1. Given the conditions (1) more than 14 Å from every other protein chain (Cβ to nearest Cβ); (2) hydroxyl-bearing (S, T, Y); (3) free of Cβ contacts under 8 Å to residues at least 60 places away in the same chain, and given that B:T411 satisfies all but one, which numbered condition is not satisfied?
2. Is it the case that B:L396 is out of contact with any helix residue (DSSP H, G or I) (no Cβ under 8 Å at 6 or more places or on another chain) and free of Cβ contacts under 8 Å to residues at least 40 places away in the same chain?
3. What number of residues within the stretch A:161-174 are part of a loop (DSSP other than H, G, I, E, B) and facing another protein chain (nearest Cβ under 9 Å)?
4. Sort out which residues of the stretch A:276-298 are open to solvent by less than 60 Å² (accessible area, probe 1.4 Å) and in a helix (DSSP H, G or I), and write them in order of number.
5. Give the stretch B:411-422 a look and list any residue that's more than 22 Å from the chain's Cα centre (by Cα) and among the aliphatic types (A, V, I, L, M), or say none.
6. Can you pull out the residues in the stretch A:333-351 that are more than 16 Å from A:T129 (Cβ to Cβ) and either free of Cβ contacts under 8 Å to residues at least 60 places away in the same chain or over 17 Å from the mean Cα position of the chain (by Cα) (or both)?
7. Using the structure shown, decide if B:R369 is surrounded by 15 or more Cβ atoms within 10 Å (Cβ to Cβ) and more than 30 Å from A:N188 (Cβ to Cβ).
8. Which one is nearest to A:N263 (Cα to Cα), of the residues in the stretch A:122-151 that are of a type in the set (S, T, N, Q) and crowded, with 19+ Cβ neighbours inside 10 Å?
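The values are calculated or read from the model by the stated rules, or taken from the named source; none is laboratory data. Just so we're clear, the structure is a prediction, and the values are computed from it rather than from any experiment. Reconstructed Cβ throughout: ideal geometry from the backbone, glycine too, with neighbour counts over all protein chains shown. Note: accessible area is taken over every heavy atom of the protein model, side chains too, but ligands, DNA and RNA are not part of it. Shrake-Rupley method; radii C 1.70, N 1.55, O 1.52, S 1.80 Å.
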Amino acid sequence: MRSSISSSNSIERVIPSQPWGKLALSSLLITLLLTFGWEAYWRSQGYKPTLNDNKDLWAINRGKVDKNPKRTVIIGSSRILFGFDLDVWENKYNETPLQLATVGTNPSLYLDHLANESQFSGTLILGITPPLFFVPEGMPVDLPTGNIKHFKNFSPAQKISHSLGMLLDKNLAFIEQEDIPLQKMLENLPIQNRQGAQIGPKIPPYFMSLDERREGNFYLRKGFESQLLNRIQQGWIPLFTPPPPPPIFTPEQFQKIFADHMNKTLEKAKSNIQKIQSRGGKVILVRYPSTEKVRELENKFAPRQAFWDRIANETGADKSFHFEDHPTLSNFTCPEWSHLSSEDATRFTEELIKLL
Amino acid sequence: MLFNSLIFVIFFSLIVLLYYTVKDWKKQKSILLIGSYLFYAAWNPPFVLLLWFSTVVDWIAAKKIEQSAEKSQKKFWLCVSLVVNLGFLAFFKYGNFALESFTGLLNLAGMSVQWAPLDIILPVGISFYTFQTLSYTIDVYRGDLKPSKSFLDFALYVTFFPQLVAGPIVRAVDFIPQCESPKKANTNQFGWGLYFMTLGLFQKVVLADVFLAPAADAVFGWSKGPLAPLDTWIGTLAFTGQIFFDFAGYSTCAIGAALCLGFVIPDNFRFPYAAMGFSNFWQRWHISLSSWLRDYLYISLGGNRVGAARTAINLMFTMLLGGLWHGASWTFVAWGALHGVYLIIEHSLKSIFPNINMTETRPKRIFVRLITFFFVVISWVFFRSNTFEKVMLSFLAMFGIIKDGAMILPTIEIYKVVIVIFALVMSHWFMRENKIEYFVEKLPKPLVVAFWSFMVFALIITQGGNNAFIYFQF
């Protein structure tokens, strides 16, 4: 054979002389033992099996909008994901809403997607966390952008893999996305960052159980409640405190840039809401409760008048509900200052429906 | 279908079960062929049509080349194959790039022209199977290969799922003869194949995606001005490791999967970061592509038998096209050009100083390896950056011209990159003249089991993110 027509001088492949059958079985046995041990350990730490909130699950639920564009759809961030009881709505209206809210995201991207890249014409319940609505970059934007892109390119292989993955999610506690994956364990190592490093605050872990409809319920592992609450609460403080303006701008310049950005965001939201309304759809805005330190920070850095009131008044939504305006919606305590407990989510949804 | 997905585990198990249950060799090959089409269709079913079309065209073209008595007729059928295969590649991969470059030229000439990107989806692995099928017709045209007598064998050669979407680019002469007699992996071959698949997945999922990708993505995804020198170097080193583990991981999986089915496909990497010189680097990195470019482009242009100046031009042209093969962007072309420059300088130095042996002593060898590694690392900046502005900012930071850029990497990411890259380079240096097979053969059995279990367990606790292999986009 001429070497020029073979990519390799030798197509032979040497098999190392080891008893590969026995080695494979021994390795399998050890791996199984390690995996069972791993599972047992995490269960002893209070973890329980639940579905993971990944792009596949979002894409599956998003796909249902196109099958029935008149369905009720929920978008927003974690507050409405944890705080909306789908069963309560289903009992009242005989229809399960599609839960598309995603933790830590800017929902205006989902609004834009539904208005312009679907024929959605149902009721849209839009959970508003005022600071997130105007965040221009980073995770609040990356995550919905990634989900939408994934939905558009969702391949048959990914759909089947997702179905198989759910079987594992439902049965194994260590298949978890907040604390246990190797990359998260490495990220959580207590190693100090360099002084002056521009590293954003860590997003607190979202401890939730999730079902196939993406109904999320906030839960704390038994025996670790106060430790976890403290960890999450401490995470909110830097996250709800905006970073200083970039040094290249004076405070006045930065204020002007942000004001322009807010105006553009509101105009775009208005135009998107109008598109949905022109197809016969309705848009309802809901401001979920927050309490204590988080509420204080929101009042300081995203005051109602400058944020919520403008969103409610300038976007042309059909209805809007701020928890503070309704005694039945304001009588809640968020255990970690930012989200409702699953029991309160049921009660809140019941009260919200009464107001609709 | 990704190797690092649950669906692949099920798919591969079913294929192996069916393949070894059926006793008729033709039926076994049919199972592999149908499985390969399913494997490909799992991404985007309509693109299987492209694969079929390409297969039929090259099958007919090769037959016609063989049957034609006239040179002109042979040439005609070769051109049919080239036009169809390269036409598909040009349309799907380079359509937008060509339009963008053309409008850019018009704008440079003072004409104000806008362009709207065409909505073209790139068929996965098109660059790989295009080159693979082209090598078949070119070999037949050159008289180096007889056309395959069996359409089934040829279709399986084009479509064989382990290497279909990201190589290695297998030559017909290496694969089609294997289809002539029944193939069955014995227990040892099967076990070694599984070990290889595990090793490949470990490289991709754990080392590339968990340890290196976060730093590389953070640094090359940063668009708010310059970064600090340390961050830029760490990001570049991270990508140096990520691209190796990602691509070599895929090739290793492909070799392992083929072995489990009794087939042998060639190595694609031989410890490239231990290369001494750039010719040597390309004998160790993506071997199936570099040998393809050498045999079908560089040698066709005259290779190194046409004088120093033409040799330099041939080298540069080959490397420019090699760069463009990787992606429809000028940064990839620049990456290819840089490697072209490296090779030309190396050739020139060798002809100016023919008596200097840079590998005779250990310090010299270490020096040459370090120099080669350094310049290869530098070249990855072009490969990974989306714009030339990013390239420029990266170099300004790396060489200390900008010192006060942003520090964006958490310390843990710096540790991860330093540890893995040090281990990677040391392992390549240690294994430079060795083969992994001979190394594993000498290991005590408990150590093999411990390492194998460790790799599988690491894959399990990583939980996977179903991230696509980088080379799928090429």
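1. All conditions are met except number (1).
2. Values: out of contact with any helix residue (DSSP H, G or I) (no Cβ under 8 Å at 6 or more places or on another chain): yes; free of Cβ contacts under 8 Å to residues at least 40 places away in the same chain: no.
Here the answer is no, as B:L396 does not meet what is asked.
3. Within the stretch A:161-174, the subset part of a loop (DSSP other than H, G, I, E, B) is A:172-174.
Subsequent filtering for residues that are facing another protein chain (nearest Cβ under 9 Å) retains A:174.
Number of matching residues: 1.
4. The initial filter retains those residues of the stretch A:276-298 that are open to solvent by less than 60 Å² (accessible area, probe 1.4 Å), namely A:276-277, A:280-281, A:283-291, A:294-295, A:297-298.
Selection gives A:I276, A:Q277, A:V294, A:R295, A:L297, A:E298.
5. B:I412, B:I414, B:V417, B:V418, B:I419
6. Just the residues of the stretch A:333-351 that are more than 16 Å from A:T129 (Cβ to Cβ), to begin with: A:333, A:335, A:341-344, A:346-347, A:349-351.
Of everything in the stretch A:333-351, those that are more than 16 Å from A:T129 (Cβ to Cβ) and either free of Cβ contacts under 8 Å to residues at least 60 places away in the same chain or over 17 Å from the mean Cα position of the chain (by Cα) (or both) turn out to be A:T333, A:P335, A:E343, A:D344, A:T346, A:R347, A:T349, A:E350, A:E351.
7. Numbers: surrounded by 15 or more Cβ atoms within 10 Å (Cβ to Cβ): yes; more than 30 Å from A:N188 (Cβ to Cβ): yes.
So B:R369 passes the test.
8. Just the residues of the stretch A:122-151 that are of a type in the set (S, T, N, Q), to begin with: A:123, A:129, A:145, A:147.
Narrowing further to those that are crowded, with 19+ Cβ neighbours inside 10 Å: A:123, A:129, A:147.
Numbers: A:T123: 25, A:T129: 17, A:N147: 26 Å.
The qualifying residue nearest to A:N263 (Cα to Cα) is A:T129.
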